[in-house]
1. Select the helices (runs of 4 or more DSSP H) contained entirely in the range 1-99, then report the ones holding at least 1 residues which are over 29 Å from SER110 (Cβ atoms) and touching a residue at least 60 places away in the same chain (Cβ under 8 Å).
2. Can you name every residue in the range 118-153 that is assigned to a loop (DSSP other than H, G, I, E, B) and modelled with pLDDT of 80 or more?
3. Would it be correct to say that GLY104 is at pLDDT 90 or above, farther than 19 Å from GLY127 by Cα and surrounded by fewer than 11 Cβ atoms within 10 Å (Cβ to Cβ)?
4. Is it true that some residue in the range 12-33 is at pLDDT below 85, crowded, with 16+ Cβ neighbours inside 10 Å and among the basic types (Lys, Arg)?
Amino acid sequence: MPGPPPKPARQKLLEGTHRRDREAPGALDFDPTKDLPAPPDDLRPEAAQQCWKVCAQELHAKGMLATVDLALLRAYCYQVALMLEAEEELELNGKTETRHTANGSHQVRSPWVAILSDATEKVNKIGQQFGFSPASRTRISAPEKPKEDAKSGFAAFRK
């Protein structure tokens, strides 16, 4: 099993562990955004907008959001919104639905079960890139900044 993924040079500089002789030649490094990026106007639904506001704020405050990351952050927020929509649909309509055929009716699994599973998997995979899971945070270091009183948390994504 391979070791942890390599850290960017900027991260090593912040941690005080950077050594020029171990730096990968020609490694890409992008500067963090100067201003907090606003959610894209066409990012829907509202839950995705809320996700963007919370996640972009956290990443920007830690200096870990570059312009090239914005498309991936958008995908993450959309998948979070889709995951929440699937959860709501399953709560309202259940995990099965009745299908009527010429041979009678029978119960089948709701398509929202697969949508929820797929969205959850994508949220997990994309979130790891940003350090959004407890395990992935252990592999990502960022400079310490004072914590502000923020109304964050998963409830912020709900309508």
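1. By residue number, 9-15, 46-61.
2. Across the range 118-153, the qualifying residues are GLY131, PHE132, SER133.
3. Considered against the rule, which asks whether it is at pLDDT 90 or above, farther than 19 Å from GLY127 by Cα and surrounded by fewer than 11 Cβ atoms within 10 Å (Cβ to Cβ), GLY104 comes out as yes.
4. Yes, there is a match, as at least one residue in the range 12-33 is at pLDDT below 85, crowded, with 16+ Cβ neighbours inside 10 Å and among the basic types (Lys, Arg).
The values are calculated or read from the model by the stated rules, or taken from the named source; none is laboratory data. Quantities reported herein were computed from a predicted structural model and do not represent experimental measurements. In this analysis, Cβ positions are derived from the backbone assuming ideal geometry, glycine residues included, and neighbour counts consider all displayed protein chains.
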